[in-house]
1. Test of understanding: among A:230, A:176, which residue is away from every other protein chain (no Cβ under 14 Å), modelled with pLDDT of 95 or more and crowded, with 19+ Cβ neighbours inside 10 Å?
2. Do we find a residue being in contact with an Asp or Glu (Cβ under 7 Å, 6 or more places away or on another chain), surrounded by 11 or more Cβ atoms within 10 Å (Cβ to Cβ) and not in a strand (DSSP E or B) anywhere in region B:79-91?
3. If you go through region B:10-45, how many residues are within 14 Å of another protein chain (Cβ to nearest Cβ) and either assigned to a strand (DSSP E or B) or surrounded by 15 or more Cβ atoms within 10 Å (Cβ to Cβ) (or both)?
4. Identify all residues within region A:207-225 that are farther than 18 Å from residue A:168 by Cβ and more than 14 Å from every other protein chain (Cβ to nearest Cβ); write none if there are none.
5. Being touching a strand residue (DSSP E or B) at 6+ places or on another chain (Cβ under 8 Å), over 21 Å from residue A:57 (Cβ atoms) and either in a strand (DSSP E or B) or free of Cβ contacts under 8 Å to residues at least 60 places away in the same chain (or both) is true for just one of B:67, B:58. Which residue is that?
6. When region A:179-206 is examined, which residues are found to be away from chain B (no Cβ under 14 Å) and not in a loop (DSSP other than H, G, I, E, B)?
7. Within region A:22-63, take every residue that is charged (D, E, K, R) and within 14 Å of chain B (Cβ to nearest Cβ) and give me the one that is surrounded by the fewest Cβ atoms within 10 Å (Cβ to Cβ).
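The values are calculated or read from the model by the stated rules, or taken from the named source; none is laboratory data. This structure is a prediction, so every number in the text was calculated from the model and none was measured. Here the Cβ is made from the backbone with ideal geometry for all residues, glycine too, and neighbour counts use every protein chain on show.
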Amino acid sequence: MRRPAHGLIVLALLAGAPAAADGIAAGERRSGSDFMAPETQAMQADDTSNPGMLWVVQGAGLWEQGAGASGLSCAGCHGAAADSMRGVAARYPALDAASGKPVDLTGRINQCRTVRQGASALVRESNELLALTTFVAHQSRGMPISPPSDPGLDAYRAAGRELFTTRMGQLDLSCANCHDDNWRGRLAGSAVTQAHPTGYPLYRLEWQGVGSLQRRMRNCMIGVRAEPFAAGSDAFIALELYLMQRAAGMAIETPGVRP
Amino acid sequence: MTRSLVSVPGTARRGDIVDVRAMIAHPMETGYRMGPNGVAIPRRIITRFVCTYGGEEVFAAAFFPAVSANPFVSFSLVATESGTVGFAWTDDEGQTETASAEIVVS
């Protein structure tokens with residue numbers, strides 16, 4: 001998706017494609033890691049070779065470190081993350097009672113930083129915030145994605161589905177055109193995949209670092225030459241909600257590795 | 001804050017060939033890239049990696065700009081005695097990051 005030429009190739013492929021089907025049959029769902037070369041799968045599977053673990057290690061350090069006016073650490077309130085954070089990532093984004101709006105895991109962590117620690121918010125895609133999010137999400141590795149059934153989320157989830165199936169950008173393609181209708185295909189060298197959010201934040205070899213689900217979606221939007229949504233925007237969180245719903249029951253892999 | 005991950009088996013039998021792995025978070029900035037407005041991003045890479053076993057150097061490698069960010073090294077050692085396996089990465093500013101692991105040989 002990085003090279004603009006990809007989009008042109010797919011445009012030609014999709015010219016005669018049928019209208020977006022409604023999702024992928026439950027029996028056919030596959031994580032992005034399933035499409036990877038065996039070498040990349042092996043890199044993800046072994047914590048001593050998975051470079052995403054470097055962010056987990058950093059996050060574990062930050063978890064213990066006091067911050068802000070309160071001087072409190074995450075551990076000071078939450079104790080051992082292995083207990084308190086187990087399963088948390090599997091049910092985010094979740095409804096934030098205070099604002100009545102959905103908040104993703106990264107947003108929730110930043111809330112604890114600002115409101116409870118009295119520290120400044122961390123910037124999205126900063127190493128520190130990625131490290132904390134990766135560390136927290138890692139505590140749910142292997143657990144099934146279990147989106148909350150909160151009716152307050154329904155409208156946002158529906159908005160996410162709408163965004164996923166709406167054509168956008170100069171190439172006039174929807175997410176679904178690629179990820180529902182053509183996930184078996186390849187876009188130049190890359191497997192298109194089903195766009196499941198199971199591994200995030202994850203280490204992408206191309207990025208030479210860990211990045212968020214929103215960064216991945218931003219890449220896809222740039223690929224179809226659409227104006228990407230802003231980091232942390234309602235639109236991205238709605239898409240995250242829909243993707244988590246679409247992947248309900250699939251196992252969290254954080255930190256994933258992707259080509 | 002250093003971010004490194006090293007892997008050495010905790011125990012081994014004398015004479016065993018053991019697998020050692022070491023990984024460190026580092027940008028390995030080549031010095032060949034341009035940042036915003038065409039300003040060159042200065043080179044910053046790890047140039048030397050050393051592994052010691054019982055205080056003695058047993059493995060070393062020179063790194064160059066073609067090595068990826070967050071470099072990963074894997075090699076083997078012959079387990080001879082219980083002791084500390086030490087790791088040191090030195091970058092071109094002369095800064096060294098270290099890590100270590102213990103091995104018990106019986």
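1. From the options A:230, A:176, the qualifying one is A:176.
2. yes
3. The number of residues fulfilling the criteria is 14.
4. A:212
5. Answer to the selection: B:58.
6. A:179, A:186, A:187, A:190, A:191
7. Filtering region A:22-63 for residues that are charged (D, E, K, R) and within 14 Å of chain B (Cβ to nearest Cβ), the one surrounded by the fewest Cβ atoms within 10 Å (Cβ to Cβ) comes out as A:39.
Let's see how each residue does on (1) at pLDDT 95 or above; (2) in a helix (DSSP H, G or I); (3) hydrophobic (A, V, I, L, M, F, W, C):
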| site | (1), (2), (3) |
| --- | --- |
| A:87 | yes, no, no |
| A:98 | no, no, yes |
| A:114 | yes, yes, no |
| A:119 | yes, no, yes |
